[in-house]
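In what follows, a single structure is set out as structure tokens and then discussed.
The values are calculated or read from the model by the stated rules, or taken from the named source; none is laboratory data. Computed from a prediction, not measured in an experiment: that's the story for all the values here. Heads up, the Cβs are rebuilt from the backbone with ideal geometry, glycines too, and the neighbour counts pull from every protein chain shown. Just so you know, the surface numbers come from the protein's heavy atoms only, side chains and all, with ligands and any DNA or RNA stripped out. Shrake-Rupley method; radii C 1.70, N 1.55, O 1.52, S 1.80 Å.
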Amino acid sequence: MIASKASSLNPCKAFHRHKYANMLPNTLFLVLFLPLAACAPFPAAPVPSPKAVDPGDNATEFVRAHCGCTRYPDLCFASLSAYADAVRRNPVLLARVASNVTLARLRALRAHVSALRRAGAAATGREAAALRDCADALGDAADQVGRTTAELRGLEALAGMEVAWRVSNALTWMSAALTNEDTCSDGFGEVPSAGAADADLKSDMCRRVRRVKQYTSNALALVSGLV
């Protein structure tokens with residue numbers, strides 16, 4: 001079953017105790033802890049009708065505790081705390097919200113890349129190719145994060161092997177999304193900086209992709225804690 005209320009009080013320990021933990025992909029731990037490529041934070045997507053965060057509120061502390069298990073806890077809490085009441089201290093809902101926030105970030109970044117391509121921002125053929133490949137990779141990543149969200153839908157009603165199977169699928173899709181984000185940043189890493197304009201485009205894209213990867217990493221960690 002989904003982690004109990006008792007285990008949700010110590011979310012970082014729940015995953016290691018669960019009997020299905022050893023069924024998850026061995027690559028998960030590599031994905032979570034491999035260094036991210038050094039690629040300005042992506043502008044925050046607006047949170048619909050955000051509620052003021054009460055540090056003493058139990059729902060808020062639930063989000064803070066689970067975010068403490070991620071690689072970027074401050075970013076996690078800043079992006080998810082406004083949803084504390086909607087999450088209702090439910091780790092499945094928290095993981096689903098994190099996936100949806102990541103999906104919104106990916107779509108916004110892909111739209112930005114598409115806008116750059118339409119504006120002819122690439123000064124060289126290599127840059128144009130990197131933008132094209134990045135747009136494709138981000139589109140694939142968005143599709144994979146969407147599939148993660150689909151796997152989490154209705155998970156609360158399941159138990160046992162079905163939970164392990166669905167979470168494993170969700171982790172596979174989210175890990176694949178992170179790989180596609182790496183593909184995008186790697187493409188720009190191979191573009192030589194022939195001038196100031198080239199360097200600006202390259203560094204801007206690396207910063208934006210790095211930020212999205214941080215959201216994806218956090219969502220991946222929250223999904224991994226469900227079994």
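Some points to look at:
- The set of residues in segment 88-122 that are over 23 Å from residue 147 (Cβ atoms) and either touching a Phe, Trp or Tyr at 6+ places or on another chain (Cβ under 6 Å) or of a type in the set (A, V, I, L, M) (or both) comprises 89, 115, 116, 119, 121, 122.
- Residue within segment 160-177 that is under 29 Å from residue 120 (Cα atoms), of a type outside the set (D, E, K, R) and more than 19 Å from the chain's Cα centre (by Cα) present: no
- Extreme residue, modelled with the highest pLDDT, among residues of segment 140-165 that are farther than 13 Å from residue 99 by Cβ and not hydrophobic (A, V, I, L, M, F, W, C): 140
- Among the residues making up segment 98-115, those that are open to solvent by 30 Å² or more (accessible area, probe 1.4 Å) and not charged (D, E, K, R) are 100, 104, 108, 111, 112, 115.
- Cβ-Cβ under 8 Å pairs, at least 6 apart or on other chains, segment 161-179 side closer than 13 Å to residue 213 by Cβ, far side outside any helix (DSSP H, G or I): 175/25
- Among the residues of segment 49-68, those identified as assigned to a loop (DSSP other than H, G, I, E, B), open to solvent by less than 70 Å² (accessible area, probe 1.4 Å) and at pLDDT below 95 are 53, 56, 57.
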